[in-house]
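Each remark here refers to the structure printed beneath this line.
The values are calculated or read from the model by the stated rules, or taken from the named source; none is laboratory data. Remember, it's a predicted structure, so these values are computed and weren't measured experimentally. Cβ: placed from backbone, ideal geometry, glycine included. Neighbour counts: every protein chain shown.
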Amino acid sequence: TSFFPPLLRHPPLHTPLLSNHPTFFYLFIFSFSLLFLFFFKKKIIKKKMAQPQQYTRNTQAPPPPPKHLEAVVSPVPTHYNQAHMSPPSRQHFQYSATNNSAPSLPINRQSSPLPPAQEMSKTPPGTRTSSVMNLSINGDQLLDHSHLKPGAKASLLSYTQTINMYRENAKKTNSPDIQCDFAIFMVEAAKPIQEDEVTRWEYLAEAEKLLKQLAARGHAESQYYLGNLFASGLLSKKGKNEFDKAFPLFVQATKHHHADAAYRAAKCYEDGLGCRRDYSKAVQFYKKAATLNHPGSMYRLGVADVNGELGISKNPRDGVKWLKRSAEAATSEYPHAIHELALLHERGITNVVFVDLSYAVSLYVQAAELGYAPSAFRLGECYEYGKLECNPDPAMSIHFYTIAAQQGHREACFALTAWYLVGSPQVLPQSDEDAYLWARRAAEKELPKAEYAVGYFTEVGIGIIKNPNEAMEWYKKAAEHGDKRAIQRLQGKQVETKSKKKNGSQEECIIM
């Protein structure tokens, strides 16, 4: 009888010890297996060590270097830099004002006008970066021809070569973004061309044709940009604002969740531009843009809630919420909500907004840092007269007045006139010439008291050669705009008014 299990049964061995004791047989097999594995594995290891070591290439890019964050420095200087307040030249008084619209919208206020033509044709901020030719070059660099010889022909030649290169690239690609960027570049290239009208309109016609093709294919950015061109009047030889063509394009782009297009469609509904005025539709499109985090739409909804406009019931609490959301998303193009919140914290709203003057000043500073002229002007007043718990500081006052004046704020320009008339020790030297230039800039913007001041400067000879005839012309302009002193001067009456000096004392002042 065998001692092995059925599956391991085998013929009896001749070794009596193993056949009589199967346990020894199992131990023998197990030991032999261990020895075999040990020597076989050792042989394999020696063979591998004899072969040269191979390395696989790491195709993964190394991690980017850490970004060193720079501290944000406030633009408010401790010592005023006079280089930032150079007055305008005598020859050029035209000034393209940007970011100068008053943010406060009182009850029954008409809607703010649409941006001027030169602003409407710009690509909205935060949409997408240019992808033309897949080059990391912005439009200003592409249009920089400083390396060429001076002359109009050299500049035109460079424009032509660049446009031809872009045109070929746009034809080869099927990307609507690249084609849209090419059309935008064509428009920007056409703007500075004034003498060669044929070339200018050829560029605009080609851009319009391409944008229409892209818009028909449902490209939202092309629809929005083409709508802006129609609204600005740039595509009309008569310069007519074609809102009837622009409005449908804004609506189409809104369907593709284009925030700026939704905002522009809402403005059209609010003001009746290219469509019938419909406040309910305007609110609908404002809310559509607000859901896309458009700061301008959130600001408009906030003001409408605070004042009860656009057919909305007055609800200051909801209005402040909209304004805070807009302030969080504020940009240099839409800083209005920050200024509006500052105004609310100046006067307060019962059970909604508490009065906090220091917080209001901090909000004004935020808006001024974004280049918002009304906020900068308000700060200039605060530091000139010590308002809102601010200590009078001539340097700070001149600094903020200059920020506002550089944006074309007429009151700020005239405020600098006053500072230049009296000067400030170790801050601003007294200068009649600069005082006249700033007053002239404010007068060019039809500020009545500035028109009267320019007339007086010209009559007496302050900062300019005496010219009684020209002075009378300025008095007439000021009188037409309601300035009482100008009316008295035209009637031959002596003008005597009293005004406070910078230090608060009283003295006779005919100019300011």
| remark: Within the stretch 234-271, the residues that are touching an Asp or Glu at 6+ places or on another chain (Cβ under 7 Å) and over 22 Å from SER326 (Cα atoms) are LEU235, SER236
| query | Among the residues of the stretch 269-278, is there at least one that is under 20 Å from the mean Cα position of the chain (by Cα), of a type outside the set (Gly, Ala, Ser) and crowded, with 24+ Cβ neighbours inside 10 Å? | reply | no
| ILE193 vs. criteria modelled with pLDDT under 95, under 23 Å from the mean Cα position of the chain (by Cα), β-branched (Val, Ile, Thr) and surrounded by fewer than 21 Cβ atoms within 10 Å (Cβ to Cβ) | no
| said: Can you go through ALA337, ALA376, ALA327 and tell me which one is farther than 24 Å from ASN293 by Cβ and assigned to a helix (DSSP H, G or I)? | reply: ALA376
| request: Specify the residue that is farthest from ALA205 (Cα to Cα); the eligible residues are those in the stretch 168-190 that are crowded, with 17+ Cβ neighbours inside 10 Å and of a type in the set (Asp, Glu). | output: ASP177
| request: Kindly check whether there is at least one residue in the stretch 371-381 that is touching a Lys or Arg at 6+ places or on another chain (Cβ under 7 Å), at pLDDT 95 or above, at negative phi and not basic (Lys, Arg). | output: yes
| field | Filtered residue count, the stretch 279-307, keeping only those that are buried (at least 23 other Cβ atoms within 10 Å of the Cβ) and basic (Lys, Arg) | value | 1
| field | Candidates ALA220, ALA262 - the one that is out of contact with any Cys (no Cβ under 7 Å at 6 or more places or on another chain), surrounded by 24 or more Cβ atoms within 10 Å (Cβ to Cβ) and small (Gly, Ala, Ser) | value | ALA262
| query | What number of residues within the stretch 465-491 satisfy the criterion of being more than 39 Å from the chain's Cα centre (by Cα) and not in a helix (DSSP H, G or I)? | reply | 4
| the stretch 392-408 - residue that is among the polar types (S, T, N, Q) and part of a helix (DSSP H, G or I) and, of those, surrounded by the most Cβ atoms within 10 Å (Cβ to Cβ) | SER397
| request: Filter the stretch 163-190 for residues that are within 23 Å of the chain's Cα centre (by Cα) and of a type in the set (Asp, Glu) and give the result. | output: ASP177, ASP181, GLU188
| query | Within the stretch 151-167, is there a residue that is assigned to a loop (DSSP other than H, G, I, E, B), over 22 Å from ARG264 (Cα atoms) and modelled with pLDDT under 70? | reply | yes
| message | I'd like the residue in the stretch 361-385 that is without any contact (Cβ under 8 Å) to a residue 60 or more places away in the chain and farther than 30 Å from ASP260 by Cβ and, out of all such residues, is surrounded by the most Cβ atoms within 10 Å (Cβ to Cβ). | response | GLY380
